[in-house]
Amino acid sequence: MSHASEDLLATHQVRKTKIRLEVLDFFLSKNYALSHAEIENAISESHDRVTIYRTLKSFEEQGLIHKVLDDSGTSKYALCASNCISHRHNDAHVHFNCEKCGHTFCLEEVAIPSIQLPSDYQLIGYSFLVQGICKDCSK
Ligand SMILES: [Zn+2]
Ligand SMILES: [Zn+2]
Ligand SMILES: [Zn+2]
């Protein structure tokens, strides 16, 4: 178990459990968004799917991870930057889908331009997905 995971849980006031540390360690070991299946496969068999699902749900509520849709419409999860807190996310950045490795990356440094909707439309959320070749695959 890494100290980084323990610190993150403490910062977001999430009670420390074995599965939460395991899931968070897995997120910290990757620099791209993870699908439900990838997380399930990586986490030890002693945990069932429901427990993993609940862990992801509570992480999302506590501002630790955010949902990312990839180009196939699969939900993935990515670690939030430090400016997300419980029940208040600030993830208005571009997501990048690599056509070679298939991974989806958070480009925190690329902000989504502000969206002006017609006055009779109400904004709830948005996602901004860019396709291309990531820096590892273009080497
Ligand atoms: Zn967030
Ligand atoms: Zn790639
Ligand atoms: Zn993101």
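For this structure, a couple of remarks:
- log10 of Debye I(q)/I(0), alpha-carbon scatterers only, for segment 3-132 at 0.15, 0.16 Å⁻¹: -0.74, -0.83
- Selection from Ile39, Thr11, Tyr53, by position along the positive dipole direction of the chain (Cβ): Thr11
- Take the Cα of Ile115, step 7 Å toward its Cβ, do the same at Asp7, and the gap between the two points is 3.4 nm.
- Packing, as the average of other Cβ atoms within 10 Å across residues, places the peptides 85-92, 124-131 in the order 85-92, 124-131, highest first.
- Three-way shape call for segment 56-139 based on the alpha-carbon gyration tensor, with the a/c threshold at 1.5: oblate
- Hits among lysines - C-alpha to C-alpha of Lys100 under 25 Å, sequence gap 8 or more where chains match: Lys30, Lys67, Lys76, Lys135, Lys139
- Neighbours of Phe59, meaning other residues whose beta-carbon lies under 14 angstrom from its beta-carbon, give a summed charge of +2 when Lys and Arg score +1 and Asp and Glu score -1.
- 3J(HN,Hα) from dihedral phi, segment 104-116, Karplus parametrisation 6.51/-1.76/1.60, rounded to Hz, x for glycine, proline: 10, 10, 7, 9, 4, 7, 10, 7, 7, x, 5, 9, 9
- Placing Cys80, Cys101 in order of accessible area, with the largest value first and a 1.4 Å probe, yields Cys101, Cys80.
- Segment Leu123-Ala92, extension gain: residue separation times 0.36 nm, minus the distance between their alpha carbons: 9.8 nm
- The chain - mean residue ellipticity at 222 nm from DSSP helices (-39,500 (n - 2.57) per run, n ≥ 4, rounded to 500): -8500 deg cm²/dmol
- Sparsely packed GluC sites (Glu not before Pro) within segment 1-96, loop by DSSP, other Cβ within 10 Å at most 14: Glu45
The values are calculated or read from the model by the stated rules, or taken from the named source; none is laboratory data. Just so it is clear, the structure is predicted and the values come from calculations on it, not from any experiment. Reconstructed Cβ throughout: ideal geometry from the backbone, glycine too, with neighbour counts over all protein chains shown. Heavy atoms of the whole protein, side chains included, go into the accessibility calculation; ligands, DNA and RNA do not. Shrake-Rupley method; radii C 1.70, N 1.55, O 1.52, S 1.80 Å.
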